[in-house]
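Colleague: Got a structure here, written out as structure tokens. Questions coming.
The values are calculated or read from the model by the stated rules, or taken from the named source; none is laboratory data. Model, not experiment: these values are computed from the prediction. Using ideal geometry, Cβ is built from the backbone for each residue, glycine included, and neighbour counts are taken over all protein chains shown. Note: areas computed on protein heavy atoms with side chains; ligands, DNA, RNA excluded. Shrake-Rupley method; radii C 1.70, N 1.55, O 1.52, S 1.80 Å.
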Amino acid sequence: MEQYKQEFIEFMIDCEVLKFGDFVTKSGRKTPFFVNTGFYRTGAQLRRLGEYYAKAINEKFGFDFDVLFGPAYKGIPLTVAATIAISEIYGKDIKYCSNRKEVKDHGDKGILLGSPIQDGDKVVIIEDVTTAGTSIQETLPIIQAQGNVSPIGLVVSVDRMERGQGDKSALAEIQEKYGLETTAIVTMAEVVEHLYNRPYKGKVIIDDALKAAIDAYYEEYGVK
């Protein structure tokens, strides 16, 4: 596993973004782990988060695209942080764009923040976590309404590696249904591999009991 992936897993633990316990996901699944990117709360944390996204984007897509689109609301700081990091680390100037939840009818009118999306633009979408693939259904029509636009990819911070609407993983379904290449900074398999029975800051985060709960979750919601 690449060094930056290991660092990102530990970064999520430090920021309390990745938690273990009893939670319910947006799609109603009871889960022993939860990822809440709302816990990235400082400038330094966002800077590092942007750098991890930049590395994952570069690894999967290079920078042969025009716009990084972050759906409102959580996607707004993600797209800003990632495009800044891409500029600083790789010297590439990628446009950022997000949507408003409500169309603005005065001043800077319309539904978009940041760069306009123009005919011919290649767009990569940035999100926090995809569990069942529901949010992408709302995002794609907004992008495609801007003209002859090609959404080419989706990057998330964590691939939860569970089924979407059918038998395949949510990211695999998105790839198949919408023709989007998908990637994640880390997968939950990589998280478990890195943390299982391995002390971090003097504490074992995934012990045998938690590993059993995670395995049981994937027995029910994992890809068969």
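Colleague: In the Gaussian network model of the chain, springs joining C-alpha atoms below 10 Å, which of Gly202, Gly75, Gly38 carries the largest mean-square fluctuation?
Modeller: Between Gly202, Gly75, Gly38, it is Gly202 that shows the largest mean-square fluctuation.
Colleague: Per-residue counts of other Cβ atoms within 10 Å, averaged by peptide: what ranking do you get for 138-148, 49-59, highest first?
Modeller: Taking the mean over residues of other Cβ atoms within 10 Å, the ranking is 49-59, 138-148.
Colleague: Size of the dipole of the stretch 3-221 about the Cα centre, Lys and Arg at +1 and Asp and Glu at -1 on the beta carbon, nothing else charged, in debye to 20?
Modeller: 480
Colleague: Something else now. Could you state, as a whole-number percent, how many of the C-alpha pairs of the stretch 1-44 are farther apart than 12 Å?
Modeller: 65
Colleague: From the cross-link list Lys30/Lys74; Lys26/Lys92; Lys203/Lys224, which pairs have alpha carbons spaced over 25 Å apart?
Modeller: Beyond 25 Å between Cα atoms: Lys26/Lys92; Lys203/Lys224.
Colleague: Can you give me the accessible area per residue for the chain, using a 1.4 Å probe, in Å²?
Modeller: Solvent-accessible surface per residue comes out at 48 Å².
Colleague: When the helix-only estimate is applied to the chain (DSSP H runs of n ≥ 4, each -39,500 (n - 2.57), divided by the residue count), what is the mean residue ellipticity at 222 nm, nearest 500 deg cm²/dmol?
Modeller: One gets -12500 deg cm²/dmol as the mean residue ellipticity at 222 nm.
Colleague: With springs connecting C-alpha atoms under 10 Å apart, model the chain as a Gaussian network and identify which of Lys203, Lys74, Lys19 has the largest mean-square fluctuation.
Modeller: Maximum among the listed residues: Lys203.
Colleague: Right, here's the next one. Based on the mean of other beta carbon atoms within 10 Å per residue, what is the order of 112-125, 206-219, most packed first?
Modeller: Taking the mean over residues of other Cβ atoms within 10 Å, the ranking is 112-125, 206-219.
Colleague: Roughly speaking, to the nearest percent, how much of the stretch 1-123's 1.4 Å accessible area is carbon and sulfur?
Modeller: That share works out to 48 percent.
Colleague: While we're on this one: For the chain, count all C-alpha to C-alpha pairs, find those more than 21 Å apart, and express that count as a whole percent of the total.
Modeller: 55
Colleague: What would the Debye formula give as log10 I(q)/I(0) at q = 0.26 Å⁻¹ for the alpha-carbon point model of the stretch 178-224, no solvent?
Modeller: -1.00
Colleague: Given a 10 angstrom Cα cut-off, can you work out which residue in Gly28, Gly43, Gly110 is the most mobile in a GNM of the chain?
Modeller: Among Gly28, Gly43, Gly110, the largest mean-square fluctuation in the Gaussian network model of the chain belongs to Gly28.
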